[in-house]
Amino acid sequence: MSLQAERGAQRQESQALRPQPGGVLLLDLDDEVAHLKSSEAWERTDRASKSLVKDRSLNLLLLVLKAGAHLHEHHIRGPFTVMLMSGSAVFHGGHQDYSLQPGSVVAVDEGIAHSAEALAESVLLITTSMGRAG
C-alpha cells in the first residue's frame, strides 16, 4: 500500500461513522476500547476518545480515562447521556454529585453545567442529541 493510501486508511479509521440513510450500524465497543488504549493519546495523556457515530443530530463518543483524570466543567447544547461501561467515576451535574459504577447511566438536559472525575481507569459511552423533538 502506498504511503498516501495508508494515510487515507488511517484517517478514515479515525473518522466517526454514519449509518446510511435508513440503515443500521453495528460497532464492537470492546475492539474500540482496545484501539484507544493502544493509541498515542493514551500513552501521552490521561485520556483517549473517539466519536463513533456523528451526524447533525446524534453523537456517540467513546471516552477512556485514566484514574484521576478530570473533565473540567462545560456545557453541551443538546441533551445527553453518560454510561459508565467499566471503572468508577463521579459525575457532577445540576449541583449534585453522582457516583457511577459499571452499568450506571446519567441522563442530562441541555445546557446543564457538568464535569466528571475518574476514580479508577474508566470507559464511558456518551450519547449527545443535538436536536429536540418538535
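Does the stretch 44-51 contain at least one residue that is in contact with a Phe, Trp or Tyr (Cβ under 7 Å, 6 or more places away or on another chain) and within 15 Å of LEU125 (Cβ to Cβ)?
Keep residues of the stretch 44-51 that are in contact with a Phe, Trp or Tyr (Cβ under 7 Å, 6 or more places away or on another chain), which gives 48.
When the remaining residues are screened for being within 15 Å of LEU125 (Cβ to Cβ), the result is 48.
For the stretch 44-51, residues in contact with a Phe, Trp or Tyr (Cβ under 7 Å, 6 or more places away or on another chain) and within 15 Å of LEU125 (Cβ to Cβ): present.
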Across (1) part of a loop (DSSP other than H, G, I, E, B); (2) of a type in the set (A, V, I, L, M, F, W, C); (3) surrounded by fewer than 16 Cβ atoms within 10 Å (Cβ to Cβ), ILE76 clears everything bar (3)
Looking only at the stretch 72-110, how many residues end up being closer than 11 Å to LEU124 by Cβ and touching a His at 6+ places or on another chain (Cβ under 8 Å)? 1
In the stretch 84-107, what count of residues is obtained for those that are closer than 11 Å to ALA118 by Cα, assigned to a strand (DSSP E or B) and among the polar types (S, T, N, Q)? 2
Listed by first then second residue, the pairs whose first member lies in the stretch 82-109 and is at positive phi and at pLDDT below 95, whose partner is among the β-branched types (Val, Ile, Thr) and in a loop (DSSP other than H, G, I, E, B), with beta carbons under 6 Å and at least 6 positions apart or on separate chains, are GLY94/ILE112
Does LEU62 satisfy the condition of being modelled with pLDDT under 95 and either closer than 17 Å to ILE126 by Cα or in a helix (DSSP H, G or I) (or both)? no
Just one listed residue, out of GLU32, GLU43, GLU117, is under 15 Å from the mean Cα position of the chain (by Cα), in a helix (DSSP H, G or I) and either of a type in the set (D, E, K, R) or within 25 Å of ARG18 (Cα to Cα) (or both), and it is GLU32
What's the number of the condition GLU110 fails, among (1) touching a Gly at 6+ places or on another chain (Cβ under 8 Å); (2) part of a strand (DSSP E or B); (3) over 18 Å from SER49 (Cβ atoms)? (2)
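The values are calculated or read from the model by the stated rules, or taken from the named source; none is laboratory data. Only a predicted model underlies this, so the values are computations on that prediction, with no experimental measurement involved. A quick note on method: Cβ atoms are made from the backbone with ideal geometry, for glycine too, and the neighbour counts reach across all protein chains shown.
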